[in-house]
1. Collect the residues in segment 145-158 that are in a helix (DSSP H, G or I) and out of contact with any Pro (no Cβ under 6 Å at 6 or more places or on another chain), keeping them in residue-number order.
2. Within segment 206-221, can you find the residues that are aliphatic (A, V, I, L, M) and more than 15 Å from Arg144 (Cβ to Cβ)?
3. Looking only at segment 231-279, count every residue that is outside any helix (DSSP H, G or I) and more than 23 Å from Ala191 (Cβ to Cβ) and tell me the total.
4. Can we say Val228 is open to solvent by 10 Å² or more (accessible area, probe 1.4 Å), assigned to a loop (DSSP other than H, G, I, E, B) and under 24 Å from Gly24 (Cα atoms)?
5. Which of the residues that make up segment 159-177 are assigned to a loop (DSSP other than H, G, I, E, B) and either in contact (Cβ under 8 Å) with a residue 40 or more places away in the chain or hydroxyl-bearing (Ser, Thr, Tyr) (or both)?
6. Any residue in segment 128-144 that is part of a helix (DSSP H, G or I) and of a type outside the set (Ser, Thr, Tyr) sitting within a Cβ distance under 9 Å of a residue that is modelled with pLDDT of 95 or more and open to solvent by 10 Å² or more (accessible area, probe 1.4 Å)? List the pairs, counting only those 6 or more apart or interchain.
7. Counting just the residues of segment 1-25 that are open to solvent by 10 Å² or more (accessible area, probe 1.4 Å) and of a type in the set (Gly, Ala, Ser), which one comes out farthest from the chain's Cα centre (by Cα)?
8. Taking segment 311-338 as the region of interest, how many residues are more than 30 Å from Glu356 (Cβ to Cβ) and surrounded by fewer than 23 Cβ atoms within 10 Å (Cβ to Cβ)?
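The values are calculated or read from the model by the stated rules, or taken from the named source; none is laboratory data. The shown structure was predicted, so the numbers you read here are calculated from the model rather than taken from an experiment. Cβ coordinates were reconstructed from backbone atoms using ideal geometry, including for glycine residues, and neighbour counts include every protein chain displayed. Note: accessible area is taken over every heavy atom of the protein model, side chains too, but ligands, DNA and RNA are not part of it. Shrake-Rupley method; radii C 1.70, N 1.55, O 1.52, S 1.80 Å.
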Amino acid sequence: GVGTLAKTAKAVRATDAYDRGVTGAGVGVALIDSGVVPVPGLVSSGKVVNGPDLSFDSQADNLRYLDGYGHGTHIAGIIAGHSDDGSFNGIAPGATVLNVKVANASGQVDVSQVLAAIDWVVQHRNDRGMNVRVLNLSFGTDSRQPYTIDPLDYAAEVAWRNGIVVVAAAGNGGVSPIGLNDPADDPYVIAVGADDTNGTPGFGDDAVPAFSSRGDGVRNPDVVAPGVSIESLRDPNSVLDLAHPGAVVGTQLFKGTGTSQAAAVVSGAAALLLQNRPTLTPDQVKCLLTSTAHRIPGVLPTAQGFGVIDVAAALSAPVPPTCTQTFPFATGTGSLEAARGSVHVVSPDGTPLVGEVDIFGNSWSGNSWSSNSWSGVSWSGGMWNGNSWSGNSWSGNSWSGVSWSGVSWSGNSWSGNSWSSNSWSSNSWSGNSWSGNSWSGNSWSGVSWSGNSWSGNSWSSNSWSGSDWS
């Protein structure tokens, strides 16, 4: 196939790393996404460790941590998948994935959940020997708020300044006035556009597909990586799986297209660089990847940035002496509502979640949150933003917790123009079919996160409808 991960690894010259014994071992990659299921290729001991489930699914015992949507599992496979027989390998098959679920089975998630998730990753990056050095954000919003004040950009910068390489999908909006998605629009992070390899390992015939978001000449994608028909792990009976039977390859693989997939390739590449040279800073990792990339002939920098990543060249290149980024820092004091852009989750009566409030209806202040986020104290036990994100809160007065229908991220941001989902039946996908025994990381024992905080039963998986997710 055009997009097998074996071919993808050759296209970005990651195979040279494997020849040197570099697989990403010892490096943790945090995946803030729609969850991960223990399919073959992700069940090796220690491969996936569960952080908190901050999604609307989190109150259902049979859905917690798991991926009813199908996106997170696909991305996890690209980053660090590894089958025991060697038939399937992600870009960094030795790395560990930290699964931080924010999107439910319909792909619905609010920016406040993502802020809480990034904060959690930063505070827990050294827990249990996880050594989280990379954060994969394969989503974004169409916010127009300047990065210098935007809270989502700020959260990403806080992770970056705490030694975590943040890799963000540029977006699937093609040429548009929006430019890159938020948080890929932040100049500190690594913004990744999609590359179409046309099925060959060389760079000469590559192209940037029309869907890949273009920059504005000031903030462009930093690099591109393969993102067309990438074959990664299938999540059977998930929303995407049921909606796109033509994307199924064999019984265990699924073809996905988008800058989400491209970002995952770059996250894997970053993990390889960090195993090889553990002292690299995020700025140095970015510098190595951009300075050694291959420009695609005839393609504008607004589409490709510095070009297609080359892992072998990045591994061998000396660290350039001038790799410290000096852009203005974000402050995070802007608007949560503006960070959402044009799309919102809505309550059962059709009321959208708008304004400076989180998913529980608690008021949110950029000034106080940004200070706490920077200081690493925004989470305390099961509390975030000064309020309990525990079971009881899910049935608070403001947002009744009966059901939510509607979208928060645009479908393009999640999964590429070729994917859409028209139907979801909770009966067709049950977390009960995944045996918890196949996970090595059933629980997270970080001191400041206790599963007891999430003991509520107030959410039922039966109340979700994904009919309007596309």
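1. Across segment 145-158, the qualifying residues are Pro151, Tyr154, Ala155, Glu157, Val158.
2. Within segment 206-221, Ala207, Val208, Ala210 meet the criteria.
3. Total satisfying the criteria: 18.
4. yes
5. Asn162, Gly163, Ile164, Ala170, Gly171, Asn172, Gly173, Gly174, Ser176
6. Gly129/Gly26
7. Among those residues, the one meeting the criterion is Gly21.
8. 13
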